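Engineer: Below are the structure tokens for one structure; questions will follow.
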Amino acid sequence: LDGINYDRTSGKEGERRAAAFLEKKLTEYGVAHTRYDVRAYLSWPIRAEVTVPGDSGWPPKAVTAAFGVSTPPGGLTAELWWIPEDLPDDAPLAAEARGRIVVARGLVSPDSVLRAQLAGAAAILHVNNADILHEMIATTIWGAPTTESAERIPRIPVVSIGRSDGEKLKAAAGKGASTIRLVTEVQKGWTSIPLVVADVKGGSADFVLVATHLDAWYEGMTDTGGTVASILEMARVLQKSQKDLKRGVRFAWWPGHSFGRYAGSGWYVDHFWADLDAHAVAYTNLDGSGRRGSVMDGVYARGWPGIGEYSREFVTTKLKKALPPVSTRLFRPGRDSDSAFQGIGVPEFNVGLPGPPREHPDMTSGRVNYWHTAQDTLDKIDLKALVLDTQYRVAQLYDLAAMPVLPLKVAPIAAQYEQAILDLQKAAGARFDLAPALTAAQALGAAAEKLDAAPRPREPAKQAALNALLVRLTHRLNSALYTKAGRFDQDPAAELPFLPVLARAREL
């Protein structure tokens, strides 16, 4: 932790220094590793100002967002338009938004910025749910822009203010002060960022992918200095048990997470697609482990259907911990947290120590109050919590890498297909016939039940063949269930429905 305790803004000296530190330690540990120089399109927010004409005594504290737009030097002055509180988050904005500064509630999100832009807004001003201002990123583009996605690069200024200032602004608007001036300064550009990847080799070309992000807002010691150190320790420990591993464990420290919308992991999937598709059996991404106030006597087990069942079984049988009942709801992975492998369909999993509960003093409005701020410093790390979390995770990695046959299941994925199609059919009614798709999903489910229940082979060649089949099946099924762009592109960093290629049937 001491070795990376400095500003690690992506594309800057701190990030490069941290990558060099990782290379030094991996060399000491005897872990094979490679450093790639990734060309990435990044953005750095510089400053923001909000002024209410005629009210010189009240300058709200404000921040702008990465990939927002810089205003002209004199700023942008326009009328305010408040998004109605009862308007759904996915509903288009009214014509009144055109040419005005749209005021939205909550943290900046790429969805909200794009919605305001599509409505012709002059800018968007977010009023946070608390008075803490968190650094954010405004683009929906995952990684480097392409000729198809570049039109979604934000074209309007983006500003955040705190809740108290938002209430004052609304009160001033009620008195007739409905015009404000915004000043924003944001830098953007192409640069080179360092990606360090380490391999603890196993008995086959298959591997479990384990990652966190190297860059941070400021020192970012919980987001994610703690997990940078955690997976480095996992690599050191697993290297000593290499002879036991049936498959390898690959570690990656992604750059460009906070300043390039997952630029590092996006670059990696583009450049190593074939290897990932053939050999990446599962993916776990760490972010935020070891925060002070973590629940030391608790544990969680997560994972996509098909691998989440293994996470739960590992916790109850190997860690001997109780877990709450299994949820039967449809599972939809988020489009965030360097989850860049959804198009390929690599299933995600993890176990770990729960973070601070909502009532902890570090929590405000359900969020860690120092997250994405300059206050995310070393004192926010609880070393005992970080060590215990690392022990849980490295134990599961060893278990997953050492077992002869993968614990992947297909029936839980098939069940998600069937339920998603039933929900779509109910929404579409008689306007669209999903019966053929439902029949196919039910046939898949029946075949999957047989496969999951079949005895596992003992011969190494048959074990390898079954493992390859499970990887191929889970990749293909997950990709269609969760992505619209498919296996060779990235969906936007935004919420998507299940079976997104079919989901527009709801609109009928």
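The values are calculated or read from the model by the stated rules, or taken from the named source; none is laboratory data. For clarity, every value in this text was computed on a predicted model and none was experimentally measured. Virtual Cβ from ideal backbone geometry, glycine too; neighbours counted across all protein chains shown. Heavy atoms of the whole protein, side chains included, go into the accessibility calculation; ligands, DNA and RNA do not. Shrake-Rupley method; radii C 1.70, N 1.55, O 1.52, S 1.80 Å.
Engineer: Could you check the simple spin-label distance between Ala205 and Leu383, using points 7 Å along Cα→Cβ, in nm with one decimal?
Structural biologist: So the label points at Ala205 and Leu383 sit 4.3 nm apart.
Engineer: How large is the Kirkwood hydrodynamic radius of region 337-446, in angstrom, based on all distinct alpha carbon pairs?
Structural biologist: Numbers: mean 1/r = 0.0535 Å⁻¹.
Evaluated on region 337-446, it is 18.7 Å.
Engineer: Let me ask something else. May I have the extent of the alpha carbons of region 87-151 along their three principal axes, as whole Å values ordered from largest to smallest?
Structural biologist: 36, 30, 20
Engineer: Hey, another quick one. Quick one: what do you get for region 35-141 if you divide its Cα Rg by 2.2 N^0.38 Å?
Structural biologist: Working: Rg = 15.0 Å, N = 107, 2.2 N^0.38 = 13.0 Å.
Scaled against compact globular proteins, the figure is 1.16.
Engineer: Taking 8 Å as the Cα distance limit and 6 or more residues as the minimum spacing, I'd like the relative contact order of the chain as a percentage. Please report the intermediate quantities before stating the final value.
Structural biologist: Details: 1097 pairs, mean separation 86.3, N = 508.
17 percent.
Engineer: What Kirkwood hydrodynamic radius, in Å, does region 156-311 give when the mean of 1/r is taken over all pairs of distinct Cα atoms and then inverted? Don't skip to the answer; put the middle values down first.
Structural biologist: Values: mean 1/r = 0.0522 Å⁻¹.
For region 156-311, inverting the mean 1/r across all distinct Cα pairs yields 19.2 Å.
Engineer: Calculate, for Ala91 and Lys450, the FRET efficiency according to 1/(1 + (r/R0)^6) with r their C-beta to C-beta distance and R0 51 Å; round to the nearest 0.05. Before the final figure, lay out each step's value.
Structural biologist: Values: r = 44 Å, r/R0 = 0.87.
My answer for the efficiency is 0.70.
Engineer: Based on Cα positions only, what radius of gyration and what Dmax would you give for the chain, in angstroms?
Structural biologist: For the chain, the Cα-based Rg and Dmax read 23.9, 81 Å.
Engineer: Find, to one decimal place in angstroms, the Kirkwood hydrodynamic radius of region 202-251, where the mean of 1/r is taken over every pair of different Cα atoms and then inverted. Walk me through the intermediate numbers first.
Structural biologist: Details: mean 1/r = 0.0841 Å⁻¹.
Computed over Cα pairs of region 202-251, the Kirkwood hydrodynamic radius comes out at 11.9 Å.
Engineer: Could you tell me the accessible area of Tyr262 in Å² (1.4 Å probe, neighbours in place), rounded to the nearest ten?
Structural biologist: Approximately 20 Å² for this residue.
Engineer: While we're here: So which DSSP H runs in the chain come out at 18 Å plus along the axis (Cα) with average Kyte-Doolittle of at least -1.0?
Structural biologist: Working: long enough: 13-29 (24 Å, -1.02); 226-239 (20 Å, 0.90); 383-402 (28 Å, 0.44); 411-428 (25 Å, 0.17); 435-453 (27 Å, 0.55); 460-482 (33 Å, 0.22).
In the chain, the long hydrophobic H runs are 226-239, 383-402, 411-428, 435-453, 460-482.
Engineer: Still on this structure, please answer the following. What is region 245-303 by shape, rounded, prolate or oblate, if you read a ≥ b ≥ c off the alpha carbon gyration tensor as root eigenvalues and call it rounded for a/c under 1.5, prolate for a/b larger than b/c, and oblate otherwise? Show your work: numbers first, answer last.
Structural biologist: Values: a/c = 3.02, a/b = 1.40, b/c = 2.17.
Oblate.
Engineer: Next up: How much solvent-accessible surface does Met403 expose, in Å² to the nearest 10, with a 1.4 Å probe and all protein chains in place?
Structural biologist: Answer for Met403: close to 40 Å² accessible.
Engineer: Let me ask you something else. Compute the distance from the alpha-carbon center of region 325-383 to that of region 113-187, in whole Å.
Structural biologist: The distance from the Cα centre of region 325-383 to that of region 113-187 comes to 24 Å.
Engineer: While we're looking at this one, here's another question. Give the distance, in whole Å, between the Cα centre of region 1-32 and the Cα centre of region 432-508.
Structural biologist: With region 1-32 and region 432-508 each reduced to a Cα centre, they are spaced 38 Å.
Engineer: From the square roots a ≥ b ≥ c of the eigenvalues of the alpha-carbon gyration tensor of region 382-478, which class results: rounded (a/c under 1.5), prolate (a/b over b/c), or oblate?
Structural biologist: Details: a/c = 3.99, a/b = 1.55, b/c = 2.57.
In terms of gyration-tensor shape, oblate.
Engineer: Now for a separate question. If you average the alpha carbon positions of region 265-297 and of region 220-243, how far apart do those two centres end up, in angstrom?
Structural biologist: Here the answer is 12 Å between Cα centres.
Engineer: Could you tell me which of rounded, prolate or oblate describes region 429-508, using a ≥ b ≥ c as the square roots of the eigenvalues of the alpha-carbon gyration tensor, with rounded for a/c under 1.5 and, failing that, prolate when a/b is larger than b/c and oblate otherwise? Before the final figure, lay out each step's value.
Structural biologist: On the way: a/c = 4.20, a/b = 1.68, b/c = 2.51.
Oblate.
Engineer: Report the accessible area of Lys384, computed with a 1.4 Å probe over the heavy atoms of all protein chains in place, in Å² rounded to the nearest 10.
Structural biologist: 150
Engineer: Report, largest value first, the span of the C-alpha coordinates of region 128-228 along each principal axis, in whole Å.
Structural biologist: 72, 36, 21
Engineer: Counting DSSP beta bridges with both partners in the chain, what percentage is antiparallel, nearest 5?
Structural biologist: Working: 38 of 64 bridges.
Approximately 60 percent, going by the DSSP bridge assignments.
Engineer: Please compute the modelled spin-label separation between Glu418 and Arg332, points set 7 Å along Cα→Cβ, answer in nm with one decimal.
Structural biologist: A separation of 2.2 nm, rounded to one decimal place.
Engineer: Would you mind working out the accessible area per residue for the chain, using a 1.4 Å probe, and quoting it in Å²? Before the final figure, lay out each step's value.
Structural biologist: Details: 21860 Å² over 508 residues.
On a per-residue basis, 43 Å².
Engineer: Towards the positive end of the charge dipole of the chain, with charges on Cβ (+1 Lys, Arg; -1 Asp, Glu), say which of Pro145, Ala468, Gly303 has the farthest Cα.
Structural biologist: With unit charges placed on the Cβ atoms, the residue in question is Ala468.
Engineer: When the accessible area of the chain is computed with all protein chains present and a 1.4 Å probe, what percentage of it is carbon and sulfur?
Structural biologist: Numbers: 11760 of 21860 Å².
Ligands and nucleic acids excluded, carbon and sulfur give 54 percent.
Engineer: Protein chains only, probe 1.4 Å: how do Val394, Val159 rank by accessible area, largest first?
Structural biologist: Working: Val394 25, Val159 0 Å².
Ranked from most to least accessible, the order is Val394, Val159.
Engineer: Moving on. Using Cα positions and a limit of under 27 Å, work out the lysines in reach of Lys61, with same-chain residues fewer than 8 apart set aside.
Structural biologist: Cα-Cα hits under 27 Å: Lys12, Lys168, Lys170, Lys175, Lys188, Lys380.
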